[in-house]
Amino acid sequence: MDQTGQFASLHGLARWSDSAATIGIVAVAVALLMIGGEFDLSAGVMVGSSGLVLGLLVTELYVMMWPAILLTLVFAAAIGAMNGWLVVKTRLPSFIVTLATFFSLQGLNLGLTKMITDTVRVSGIDDIPGFDSARAVFATDFWEPYKFRIAVVWWIGLTILATVVLARARFGNWITAVGGDANAARNTGVPVARTKILLFMFTSMSAALVGIMTALRLRSVQAGQGVGEEFTYIIAAVVGGCLLTGGFGSAIGASVGASVIGMAFIGIAFAGWNTDWSFLFLGVILFMAVMVNTIISRRASGGRG
């Protein structure tokens, strides 16, 4: 009873919003990519890769913290651009291209980290000049005594930005057009290749942002950080209304999906259940969300089930 009361309090809100924020930041970008008709299965491992790049830059190459953060984001943008370019040029499914990137990055994370540090983690990040100012921007708390995470502010900001782009900007129209029918969009002058590459870049950079936040919060990075989270991001987007076929969805919906997952994860822990049940929950809500989205899509298009 006490745990239930805590979950419904501001302390509980701070807990589950923190969990939802780290999912939601990437889920918003994944939602835009899905609306554009593509997937990125390397988003989860990119969280770990970016954290490791940041950690190795500051501890092994002695790069100052803020330049290292900038270089980490450039690294993520380059990986995203590579994913998008390969999808566009080879015309292979993005599922296959980004799955290959996933395994490549996972191997590099483990192999290079162990080769350089003799362990599977990078530590000592907090000894670098600039750590405190970077932590204040990416990983601090606010609103004592509840201790909400600054990640929540980043999550809300990115959700608003993505919503404005989808609703008001020309690029938002391009995203929807590309996801609905890439050939028709190309024939009407939409830069399909550029749009998809930019979406992949945004997804990788959003994952890198979470990786930077995690590294600064924990003051270290594990080589396996983020692996498997790519499915959580996709589930959040689908629960929020994104169609697997592309052309429809919203950033707000993805954030709602992230909130549902964050509440469930923390709620299961507050209820005293084994957290392994979280994966059963993810599977059930994914199936239900896909079924509901399919039914609604068929009815909207006048199709028959």
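The values are calculated or read from the model by the stated rules, or taken from the named source; none is laboratory data. Please read all numbers here as calculations on a predicted model, not as lab measurements. Glycine gets a Cβ as well: all are built from the backbone with ideal geometry, and neighbour counts include every protein chain shown. Surface accessibility is based on the protein's heavy atoms, side chains included, excluding ligands, DNA and RNA. Shrake-Rupley method; radii C 1.70, N 1.55, O 1.52, S 1.80 Å.
Name all residues of the stretch 111-152 having a backbone nitrogen under 12 Å from the label point set 7 Å from the Cα of R219 along its Cα→Cβ direction, giving them as ranges.
Label zone hits: 123-128, 132.
Over its Cα atoms, what ratio of radius of gyration to 2.2 N^0.38 Å does the stretch 41-164 give?
Relative to the 2.2 N^0.38 Å estimate, the stretch 41-164 comes out at 1.22.
For R91 and S9, what does the FRET efficiency come to when R0 = 45 Å and r is the distance between their Cβ atoms, rounded to the nearest 0.05? Walk me through the numbers on the way to the answer.
Details: r = 52 Å, r/R0 = 1.15.
It comes out at approximately 0.30.
Classify the stretch 195-305: rounded, prolate or oblate, from the alpha-carbon gyration tensor (a ≥ b ≥ c, eigenvalue square roots; a/c under 1.5 rounded; otherwise prolate if a/b is larger than b/c)?
oblate
Need one word for the stretch 94-222: rounded, prolate or oblate. Basis is the Cα gyration tensor (sqrt eigenvalues a ≥ b ≥ c); a/c below 1.5 gives rounded, then a/b vs b/c decides.
Judged from the Cα gyration tensor, the stretch 94-222 comes out oblate (a/c at least 1.5, b/c at or above a/b).
Would you work out which of I125, S19, V165 lies farthest towards the positive end of the dipole of the chain, given +1 charges on the beta-carbon of Lys and Arg and -1 on that of Asp and Glu, about the Cα centre?
My answer, from the dipole projection, is V165.
Apply 1/(1 + (r/R0)^6) to the Cβ-Cβ distance of W66 and V164, taking R0 = 35 Å, and write down the FRET efficiency to the nearest 0.05.
Calculated value: 0.80.
Just R219, R170, R149 to compare: in a GNM of the chain, with alpha carbon springs under 10 Å, which one fluctuates most?
For the chain, modelled as a Gaussian network with Cα springs under 10 Å, the answer is R170.
Taking the Cβ-Cβ separation of T245 and F287 as r and a Förster radius of 22 Å, what is the calculated FRET efficiency to the nearest 0.05? Don't skip to the end; give the middle numbers.
Details: r = 17 Å, r/R0 = 0.76.
So the FRET efficiency works out to roughly 0.85.
Could you give me the radius of gyration and the Dmax of the stretch 125-196, taking only the C-alpha atoms into account and expressing both in angstrom?
Computed over the Cα atoms of the stretch 125-196, radius of gyration and Dmax are 19.3, 56 Å.
Roughly what % of Cα-Cα distances in the chain sit above 35 Å, to the whole percent?
It works out to 19 percent of all Cα pairs.
So for the chain, taking the charge dipole from beta-carbon charges (+1 Lys/Arg, -1 Asp/Glu), which of A139, W155, F287 sits furthest toward the positive end?
Among A139, W155, F287, the one farthest towards the positive end of the dipole of the chain is F287.
What does the charge add up to near S94, with Lys and Arg as +1, Asp and Glu as -1, over the other residues with Cβ less than 13 Å from its Cβ?
Once positives and negatives cancel, what remains is 0.
To the nearest 10 Å², what's E144's accessible area with a 1.4 Å probe?
120 Å²
Can you spot the aspartates and glutamates whose alpha carbon is less than 17 Å from K196's alpha carbon? Ignore those fewer than 8 places along the same chain.
E38, D40, D181
For a paramagnetic label modelled at 7 Å from the Cα of A184 toward its Cβ, which residues of the stretch 241-259 fall within the zone defined by backbone nitrogen distances under 13 Å?
So the set is 247-248.
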